[in-house]
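Following: one structure in structure tokens, then a few remarks.
Bear in mind that the values in this text are calculations on the coordinates, not laboratory data. Values in this document were obtained by computation on a predicted structure and should not be read as measured data. Here the Cβ positions follow ideal geometry from the backbone for every residue, glycine too, while neighbour counts run over all protein chains shown.
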Amino acid sequence: MQEIALAKELRVKRGFIACHEVSNYGCRADVLAVDKRKQIIYEYEFKRNSLDLKVCELRKSKYGKETHYKWITDKTGRHHSCKVKTDFPQPNYFYFVMPMELWQKEIIYLRSLKVGVMTFDEKSEFYVQKRCPKNMSNVFKYHVVEQNIFIRLANWYVWNDTLNPTVS
């Protein structure tokens, strides 16, 4: 439920376009948001415990290499394709969102990472504990992220209305 609360706060208080559980570049973000004015992309990943933070997060495919084929020309002038591996694109800003107790427990580990950290309390109020440095290299394409958020929002509203019809 905190994912929905954060997406709602980003939409209402900051004016971002935000949605939870957005599929983006083959990975799923807990909350993905874009700032239309500055064209900046924010990703928020929720963590509930230390195991999820330290072990399970690193197993995700977005920390690996993306394989694609590239056409190259050899010395004889023939064209052929070869496999090229590149890092997955990243958002401009990435934040881990966690309960205050987990932040206090893992504060040394989290300070060593190049990510931001937000905490929340029982009332689902969010506090930035550590700012995230801006990523300028290998960044998501803004229009692709924006389109993915719009697709997710449209699907969520359509399916939510059909699953929970209002009684008239």
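Suppose R0 equals 25 Å; then what is the FRET efficiency for ARG131 and ASP52 from their Cβ-Cβ distance, rounded to the nearest 0.05?
Efficiency for this residue pair is about 0.65.
Toward the positive end of the charge dipole of segment 70-150, about the Cα centre and with charges on Cβ (Lys, Arg +1; Asp, Glu -1), which of THR76, VAL139, PRO89 goes farthest?
THR76
Can you work out the FRET efficiency for the pair TYR142 and TRP71, with r the C-beta to C-beta distance and R0 = 25 Å, to the nearest 0.05?
0.40
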